[in-house]
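Asker: Have a look at this one before I ask anything.
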Amino acid sequence: MTSAIDWQAASAAVLAAERIIVVTHVKPDGDAIGSLLGLTLALRELGKTVDAAVDGGTPEYLRYLAGADTVLSSLKEGAWSLMISVDASDEERTGAAGAYGRANSPQQINLDHHPTNTRFGNLHLIAPEAASASEIVYEWLVAAGWPLALPAASALLTGVVTDTIGFRTSNVRPRTLEIAAALAAVGAPLYDIVQRTLVAKPYSNLELWKQVFPSVQFEGGIISAVVTLENVKQARLREMSDGGLVGMMIATEEAQIAAVFKEQPEQNVEISFRCKPGYDVASVAFGLGGGGHVQAAGVTLAGTLEAVRAIVMPLLQKALAEGKARG
Ligand code: AMP
Ligand code: MN
Ligand code: MN
């Protein structure tokens, strides 16, 4: 799949590096932390000195992963010979930790699977056909002939499972399943990972959904919902997560496109988009300054909920019409 990638140059950069910093995207999901930890643990196993960082550190529900407690929640000092960015489509997505790492590392590897990747950095391990960044980390370890132990395998399988929502997305390839099987063969606990990351949710999540469901609107193939700061406060969320609300909305048979508008402090709105195969929300998100995958994308926009909805809904209607025209 990844024949165009120069694994050799990236491996040489790692072997030559004194000290390495690995970063990922802000508000990290399972693939962000999975690829970050999988790579970090594997390179530490090789004897390299590796720091890992993401703003805010590892989310609570992913702290079962070995090494999760070693992920720095901010970078304020240090210098590295090499920075590796994983699962982030642009530099801004790596937040303050990424900005600090970039300013203090002469070389940068960009490892990612988003079709909207801006190709920042000096060395590119970019494979849009991969369903997760964790798969690319696995391919790299295999290409380099570096060992893969259980802690790293568990992190990588967490990335594959979460980004494919349990092998249910349209970008799951035979190779995705081969990689998952190889990780499980090392001992990565598939059932446990599925339970922790996809099935179990805190009660506060249901409390949030109870409040949010009245906001659901469905019109002409587009389903949307709004999450206000007040909803989040009332639900007493343990962590800022809507528990996969947009994923549940796109499960609606009659819907082709789903959007969840999440109010953020200081008049910002974060939007999560999903769509069925044949439609494209990556272009909508990218056009607004965000990014993602054809079927799952996002962006954060300044403005009130109403103002942002007024801008975005017509763009979704256009994406719906374009998808229908393609047939
Ligand atoms: P989410 O709806 O947060 O699960 O995000 C869906 C996909 O869109 C993921 O691949 C994210 O990495 C990507 N994404 C979300 N927000 C942004 C953003 N502001 N910029 C670029 N990509 C984003
Ligand atoms: Mn991600
Ligand atoms: Mn990913």
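Asker: Taking the criterion of being open to solvent by 50 Å² or more (accessible area, probe 1.4 Å) and of a type in the set (Gly, Ala, Ser), would at least one residue in the range 129-147 satisfy it?
Answerer: The first filter runs over the range 129-147 and keeps only residues open to solvent by 50 Å² or more (accessible area, probe 1.4 Å), leaving 129, 142-143, 145, 147.
Next, from what is left, pick out any that are of a type in the set (Gly, Ala, Ser): 143, 145.
Scanning the range 129-147 turns up at least one residue that is open to solvent by 50 Å² or more (accessible area, probe 1.4 Å) and of a type in the set (Gly, Ala, Ser).
Asker: Could you say whether any residue in the range 31-38 is open to solvent by less than 20 Å² (accessible area, probe 1.4 Å), polar (S, T, N, Q) and either without any contact (Cβ under 8 Å) to a residue 40 or more places away in the chain or more than 19 Å from Val142 (Cβ to Cβ) (or both)? So that I can check it myself, show each step before the final result.
Answerer: From the range 31-38, those open to solvent by less than 20 Å² (accessible area, probe 1.4 Å) are 31-38; that's our starting set.
Next cut, polar (S, T, N, Q) only: 35.
Add one more test, that the residue is either without any contact (Cβ under 8 Å) to a residue 40 or more places away in the chain or more than 19 Å from Val142 (Cβ to Cβ) (or both), and what stays is none.
Scanning the range 31-38 turns up no residue that is open to solvent by less than 20 Å² (accessible area, probe 1.4 Å), polar (S, T, N, Q) and either without any contact (Cβ under 8 Å) to a residue 40 or more places away in the chain or more than 19 Å from Val142 (Cβ to Cβ) (or both).
Asker: Quick one: in the range 148-165, of everything that is outside any helix (DSSP H, G or I) and within 16 Å of ligand 2 (Cβ to nearest atom), which residue is most open to solvent (accessible area, probe 1.4 Å)?
Answerer: Applying the first criterion (outside any helix (DSSP H, G or I)) to the range 148-165 yields 148-149, 164-165.
Cutting the leftovers down to within 16 Å of ligand 2 (Cβ to nearest atom) gives us 164-165.
Values: Thr164: 0, Ile165: 70 Å².
The extreme case among them is Ile165.
Asker: Okay, moving on. Counting only residues that are open to solvent by 10 Å² or more (accessible area, probe 1.4 Å), under 14 Å from Ser85 (Cβ atoms) and near ligand 2 (Cβ under 8 Å from one of its atoms), how many does the range 11-30 have?
Answerer: 1
Asker: Do the conditions hold for Ala155, that is, is it closer than 18 Å to Glu92 by Cα, assigned by TED's automatic domain parsing to the domain that holds Leu65, hydrophobic (A, V, I, L, M, F, W, C) and within 16 Å of ligand 3 (Cβ to nearest atom)? So that I can check it myself, show each step before the final result.
Answerer: Numbers: closer than 18 Å to Glu92 by Cα: no; assigned by TED's automatic domain parsing to the domain that holds Leu65: yes; hydrophobic (A, V, I, L, M, F, W, C): yes; within 16 Å of ligand 3 (Cβ to nearest atom): yes.
In short, no.
Yes or no, residue by residue, for (1) under 20 Å from Asp163 (Cα atoms); (2) assigned by TED's automatic domain parsing to the domain that holds Gly244; (3) part of a loop (DSSP other than H, G, I, E, B):
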{"position": "Val22", "(1), (2), (3)": "yes, no, no"}
{"position": "Ser35", "(1), (2), (3)": "yes, no, no"}
{"position": "Leu39", "(1), (2), (3)": "yes, no, no"}
{"position": "Gly47", "(1), (2), (3)": "no, no, yes"}
{"position": "Thr58", "(1), (2), (3)": "yes, no, yes"}
{"position": "Leu65", "(1), (2), (3)": "yes, no, yes"}
{"position": "Asp69", "(1), (2), (3)": "no, no, no"}
{"position": "Arg93", "(1), (2), (3)": "yes, no, no"}
{"position": "Tyr100", "(1), (2), (3)": "no, no, no"}
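Asker: Right, here's the next one. Inside the range 296-310, can you point out the residues that are more than 7 Å from ligand 1 (Cβ to nearest atom), open to solvent by 40 Å² or more (accessible area, probe 1.4 Å), in contact (Cβ under 8 Å) with a residue 12 or more places away in the chain and within 18 Å of Ala225 (Cβ to Cβ)? First the steps, then the outcome.
Answerer: Restricting attention to the range 296-310, the residues satisfying the condition of being more than 7 Å from ligand 1 (Cβ to nearest atom) are 301-310.
Restricting the remaining residues to those that are open to solvent by 40 Å² or more (accessible area, probe 1.4 Å) gives 302, 304, 306-307, 309-310.
Still in the running and in contact (Cβ under 8 Å) with a residue 12 or more places away in the chain: 302, 304, 309.
Matches in the range 296-310: Thr304, Arg309.
Asker: Right, something else. Ser241: assigned to a loop (DSSP other than H, G, I, E, B), in the same structural domain as Val212 (by TED's automatic domain parsing) and in contact (Cβ under 8 Å) with a residue 24 or more places away in the chain, yes or no? If you could, list the steps in order and put the result at the bottom.
Answerer: Details: assigned to a loop (DSSP other than H, G, I, E, B): yes; in the same structural domain as Val212 (by TED's automatic domain parsing): yes; in contact (Cβ under 8 Å) with a residue 24 or more places away in the chain: yes.
In short, yes.
The values are calculated or read from the model by the stated rules, or taken from the named source; none is laboratory data. Predicted, not measured: the structure shown is a model, and the values here were computed from it. With ideal geometry, Cβ positions are generated from the backbone for all residues, glycine too; neighbour counts draw on all protein chains shown. We work out accessible area using only protein heavy atoms, side chains counted, and drop any ligands, DNA or RNA first. Shrake-Rupley method; radii C 1.70, N 1.55, O 1.52, S 1.80 Å.
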